[in-house]
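Okay, handing you the structure first.
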Amino acid sequence: MDWQAWLTLSLTVSALLSLIFTRIAAHIVMMAVLSVLSLSGVLNPEQALAGFANGGLITVAAMFIVAAGVHASGGIDLLVEKVLGKPQGLRPALLRIFGPVVVLSAFLNNTPVVATMIPAIHSWSRRINIAPSKLMIPLSYTAILGGTLTLIGTSTNLVVNGQYQALTGQPGLSLFSITLVGLPVAIAGLVFMWLFFPRLLPQRGSEELVDNLREFTLEVKVAANGPLVGKSIVDAGLRNLKRIYLVEIERDGSIVTAVPSEEILRGGDRLVFAGDTEAISDLLRINGIEPSDHDGESASLSMKRPERRLVEAVVSPHCEAIGKAIRDSRFRDRYGAAILAVARNGERIKGNLGTIELEAGDTLLLEARPAFVSRQRHNKDFLLISDLGQDRPRHERAWLSLAILVGIVGAAGLGWISMLNASLIGAGLMIASRCCSVKQAEQSLDLTVIVTIAASFALGSAIEKTGLAAMLAENIVALSDGRAWLILVLTYVTVSLLTETITNNAAAIIMLPIVLGTAEQAGLNPEPFVFAIMMAASASFATPLGYQTNLMVYGPGDYRFSDFLRVGIPMNIFIGAVTLAVLMIGWPLELPR
């Protein structure tokens, strides 16, 4: 190998290690790699930046806007309302979830689908008397399986197809070409969940004092000179609140526990409550109660309350505040939001709210300026579960948004127009018909994902251009002794392991040129190997950190890390086995000689 290949190999290994063992965001890592490849001359500027003009990437961006239109118009809520109903038992309830989520995830980005379904299923679970812990993981896994059904079901499928076209010069895959693999795998996965998950998933919660599996720790303050000063707990209306209870009072450095009903409130008292989101929202409307200023900064954020909103969010693994106490993290300065409540594994966190050290997966109730929501579309410190102050959906346009979605899918599926043009038309129609506003369309564009994908193309191109892909392919062929089935298994397992540790898009894009080189060296049919990459990059079940929707349901489902290992590892193995079996049976692995 020449120095360019060695540099590319070093960058590939460094990027993988950085993504696995550090908290550096994926888009920062991949942009750094792109910069080195361009500055060193391994790629010229046109090659380094080609990913930003790739048709697959533009299709991903346009589909974000289409998904925003369906979401903002209430199209998802419409299907939820029509389908969920009142099932008798857990397994019928799972069937009610499978239908709409699979269909929506096949054509929309998983994140808005799951974000909309979480609060709906949470309230639905209380009505049908089933613990959310029995439903939230199936919701995430169903969305993942649904994403494998079409080329637009997940961004990974689109970008793999785009890179495949760029590397081979072939026309690429059609909208439903992966359906022949994804459909039997999805059916098998849903049957597996229906049979085994009712026993494997935990049953948590409804016997607790607070009848909600997301029990928050909330700290508020009695306003100085406010109307509650001098009143007892009972007279202030704080004793018999529904689904929320007063745990303790912090006053002048001391703690009043087991607070008696006749305790008199003083200005500046910090009141620690435990309760659920809806109850906390009611509490904050009481005159004389204000958010606790636990970081010692001015209460400027508490001003102009009508211009602020409540946001429920999950701490992502990339949040800069992880490992720091809330009062030491400068949270208010950094994010323009105040933490009102914290839930971890569905349990109330003991002690002063300001001393809690944040962890990935914590569910936070934030009082934030409206700009916080738009910033988090680009800064993935948090995954938004629900914007409790969000604009009401445009329900009168729900059917129109669904019609636009069906129209562009049908046009692309019938081959009338390309998927790129269909997605661009769909995005334009969503905005023109006011299914979503221009602002909502802008906010829907996940720039970190888009930049990561575009920058990853540069590394994939360098792996192919420098001959590194060919060299690695020769070694893989030698290791497998040229056996096509073993190469397919190695491809799937490698991508699957990388997906659990780095982003699925980066894993797929890095592996594609290597796998294509291997197929060429061994005289194999590349199509089943491309499908194996797409499926393995999506089949991330084993950890809550491996896939965004898994992390989103982590807090609302009252899960522990071990819950994902218990159900996710068998799911990974089962889906992998089914996928490989379908590919080996349905496609010739070797080209005719």
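No lab work stands behind these numbers, since they all come straight from the coordinates. Quick caveat, the model's predicted, so the values are computed rather than measured. With ideal geometry, Cβ positions are generated from the backbone for all residues, glycine too; neighbour counts draw on all protein chains shown.
Given 25 °C and 0.890 mPa s, how large is the Stokes-Einstein diffusion coefficient of the stretch 382-496 in µm²/s, with Rh as the Kirkwood radius over Cα pairs?
On the way: Rh = 18.7 Å.
Roughly 131 µm²/s, to the nearest whole number.
Report the full-extension gain for the segment Lys324 to Ile417: residue separation times 0.36 nm, less the Cα-Cα distance, to one decimal in nm.
Length gained between Lys324 and Ile417: 28.3 nm.
Can you give me the three principal axis dimensions of the stretch 410-459 from its C-alpha atoms, in Å, biggest first?
36, 31, 10
Beta carbons within 10 angstrom, averaged per residue: use that to sort the peptides 512-524, 447-459, highest first.
447-459, 512-524
Given labels modelled 7 Å from the Cα in the Cβ direction, how far is it in nm from Ala403 to Ala581?
It works out to 4.4 nm between the two label points.
Looking only at the stretch 446-481, which residues have a backbone nitrogen under 15 Å from a spot 7 Å from the Cα of Asp2 in the C-beta direction?
462-471
Now, a different point. For a protection proxy built on the mean count of beta-carbon atoms within 10 angstrom, sort 178-184, 160-166 highest first, please.
The densest-packed peptide leads the list: 160-166, 178-184.
Oh, and also: Kindly provide the Kirkwood hydrodynamic radius of the stretch 526-579 in Å, to one decimal, from all pairs of distinct alpha carbon atoms. Can you show the working numbers first?
Working: mean 1/r = 0.0843 Å⁻¹.
After inverting the mean inverse Cα-Cα distance, the result is 11.9 Å.
How far is it, in nm, from the label point at Asn475 to the one at Val83 when both lie 7 Å from their Cα along the line to the Cβ?
Going from the Asn475 label point to the Val83 one covers 4.5 nm.
If you stretched the chain out fully between Asn287 and His395, how much longer would it get, using 0.36 nm times the residue separation minus the C-alpha to C-alpha distance?
Gain on extension, Asn287 to His395, equals 35.6 nm.
Order these peptides, 471-477, 146-152, 29-35, by their mean beta-carbon neighbour count within 10 angstrom, highest first.
For the peptides 471-477, 146-152, 29-35, the packing ranking is 146-152, 29-35, 471-477.
Sum up the charges of everything whose Cβ sits under 15 Å from the Cβ of Ile573, counting Lys and Arg as +1 and Asp and Glu as -1, but leave Ile573 out.
0
Is the shape of the stretch 9-69 rounded, prolate or oblate, going by the alpha carbon gyration tensor and its root eigenvalues a ≥ b ≥ c, with a/c under 1.5 for rounded and a/b larger than b/c for prolate? Present the calculation step by step, with values, prior to reporting the outcome.
Details: a/c = 3.40, a/b = 1.39, b/c = 2.44.
Oblate.
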